[in-house]
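A short write-up of the structure that comes next.
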Amino acid sequence: MGQLVVTEFISLDGIIEDPGGSEGTPNGGWSFRSPAPEGQHFKFEELQASDVQLMGRVTYEGFAAAWPAMEEATGDFGKRMNSMPKVVVSTTLTDAAWNNTTIISGNVAAEVTKLKGRYEGDVLVSASATLVDTLREHDLVDEYRLMVHPVVLGSGKRLFKEGAAGTDLELVDSRKVGPDVLLLTYRPASKRS
Amino acid sequence: MTVGAIKVHEFIALDGVFEDPSWTFEFGFDPKMGEAIGAITGTCQAILLGRRTFEVFAPAWSTRTAEEDPGAPFFNESPKYVVSGSLKTAEWNNSAILGRYSADTIRDLKDQVDGDIYVSGSGTLVRAMLADGLVDELHMFVYPVARGAGQRLLADSGPATKFTLARSEAYGNGVVHLAYAPVAPDAA
């Protein structure tokens, strides 16, 4: 059974919105301001260890617009992004044109549980703030990997939104992946093995 | 005389909540964390607080002895400055009221204090000082818990600020110490 891994670029004030700039938000692209060479290596290994990507509609639309044209610039990473199975959660999307994409349009908790059962490797979730809220509410997240960037953004969607239920976590690992960038790995205490 | 640094020390949950950190107790206190906090307070010759934090700290620390908490002498004996437009009296030993927040008041205090200045809690004050470029070190002790509800240190609508990571250290109790220094906007 696959582990559901939430992997995020995150600002010091907890914002995860549009780190790559593909959504065109005013603060978009902030993850590029601090180099993280080891972080890139980590991201590739993480992608290799995943069997499927699960995402929310906003993230999907940003990725689907960007990645098909990026294979030349990003090599194996881009090829993997485009070829691997992708599942998008949306009640409005009817046509998901990005290669190898299917849509979940309702009953998210049950569908994601089935998805985890279908794969041996990780189910990888990046960005997708709204979806992550839903996954957390249903205790479906097995691990959080937070690449903490040294910037306060002031506004934007947060990983842990105001008023959500509290969660106890365990620190699994912490390491630097760039001069000013940290990777913090947590598991929910409810998933203690 | 060199102008001292303003060092901000916060206990914070992974979701940024820092209000009433009694929730930190269950994680115990790693001795190495005590050393890290000692290194922060060690160079500080004064304490600067917002009104709400002052009103929580004053009764809590003033009854604590060095035997009960090795931090007690620092908090009780250091000169303390409270930013408040409403506070009339500050009873805690060696306290003074600075009046309403202004960047110039804080700059004057930096000039006047021979050493670094320690700040803890005091969200409104910290946000104002970050916006005015007055914070020199931001030390966050991040606890492995998302609180969900409660005030956040870095609330919405503050200006964007870039930092460099000066230091980081993880402790056995799952707490991570992140030491950041803001990058001045003209240098960013």
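Assorted remarks:
- Only one of the numbered conditions (1) within 13 Å of chain A (Cβ to nearest Cβ); (2) at pLDDT below 95 is violated by B:ALA184, and that is (1).
- Among the numbered conditions (1) more than 9 Å from every other protein chain (Cβ to nearest Cβ); (2) under 16 Å from the mean Cα position of the chain (by Cα), the only one that B:LEU130 does not meet is (1).
- Out of B:ALA146, B:ALA166, B:ALA160, one residue alone is among the aliphatic types (A, V, I, L, M) and crowded, with 21+ Cβ neighbours inside 10 Å. It is B:ALA146.
- Of the candidates A:VAL52, A:VAL58, A:VAL89, the single residue that is within 16 Å of the chain's Cα centre (by Cα) and either on the phi > 0 side of the Ramachandran plot or at pLDDT below 95 (or both) is A:VAL58.
- Boolean, B:THR124 is out of contact with any helix residue (DSSP H, G or I) (no Cβ under 6 Å at 6 or more places or on another chain) and either small (Gly, Ala, Ser) or more than 14 Å from every other protein chain (Cβ to nearest Cβ) (or both): yes
- Qualifying residues in region A:176-186 (those that are facing chain B (nearest Cβ under 9 Å) and without any contact (Cβ under 8 Å) to a residue 60 or more places away in the chain) - the one surrounded by the most Cβ atoms within 10 Å (Cβ to Cβ): A:TYR186
- Residues satisfying the stated conditions in region A:139-168, i.e. over 18 Å from the mean Cα position of the chain (by Cα) and of a type in the set (A, V, I, L, M): A:VAL151, A:VAL152, A:LEU153, A:ALA164, A:ALA165
- Unmet requirement for B:ALA155, which otherwise passes all of (1) modelled with pLDDT of 90 or more; (2) within 25 Å of A:ASP168 (Cα to Cα): (1)
- Residue within region A:87-96 that is without any contact (Cβ under 8 Å) to a residue 40 or more places away in the chain, under 21 Å from A:ASP122 (Cβ atoms) and part of a helix (DSSP H, G or I) present: no
The values are calculated or read from the model by the stated rules, or taken from the named source; none is laboratory data. Only a predicted model underlies this, so the values are computations on that prediction, with no experimental measurement involved. Ideal geometry is used to build each Cβ from the backbone, glycine not excepted, and the neighbour counts take in all protein chains shown.
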